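Colleague: Let me begin by handing over the structure; questions about it come next.
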Amino acid sequence: MVFRIGVNLGDVIEEEGRIYGDGVNIAARLEGLAEAGGICISGTLFDQVKNRLSVGYEFLESRL
């Protein structure tokens, strides 16, 4: 099984075991952009981690 992940910084509301909010909706859209086995992060998250993590990033704006 291969997963893809979308990650965003934003509001998340938990109510009765369900989560929703703008942060969740955007993360779900980013998940669809990620390659199988990959992670797609929002620009907001990138701004927070770009100098803190020593990993490679590929800019995907043209795919949006």
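The values are calculated or read from the model by the stated rules, or taken from the named source; none is laboratory data. Only a predicted model underlies this, so the values are computations on that prediction, with no experimental measurement involved. Neighbour counts are summed over all protein chains in view; Cβ atoms, including those assigned to glycine, are modelled from backbone coordinates with ideal geometry. Note: accessible area is taken over every heavy atom of the protein model, side chains too, but ligands, DNA and RNA are not part of it. Shrake-Rupley method; radii C 1.70, N 1.55, O 1.52, S 1.80 Å.
A quick yes/no check of all residues on (1) outside any loop (DSSP other than H, G, I, E, B); (2) of a type in the set (Phe, Trp, Tyr); (3) touching a helix residue (DSSP H, G or I) at 6+ places or on another chain (Cβ under 8 Å); (4) open to solvent by less than 100 Å² (accessible area, probe 1.4 Å):
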residue	(1), (2), (3), (4)
VAL2	no, no, no, no
LEU9	no, no, yes, yes
ILE19	yes, no, no, no
ILE26	yes, no, no, yes
ARG29	yes, no, no, no
GLY32	yes, no, no, yes
ALA36	no, no, no, yes
PHE46	yes, yes, no, yes
VAL55	no, no, no, yes
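Colleague: Can you list residue pairs whose Cβ atoms sit under 8 Å apart, with the first residue in the range 40-64 being under 21 Å from PHE3 (Cβ atoms) and the second being modelled with pLDDT under 80 and of a type in the set (A, V, I, L, M, F, W, C)? Count only pairs 6 or more apart in sequence or on different chains.
Modeller: Hits for this filter: CYS40/LEU60.
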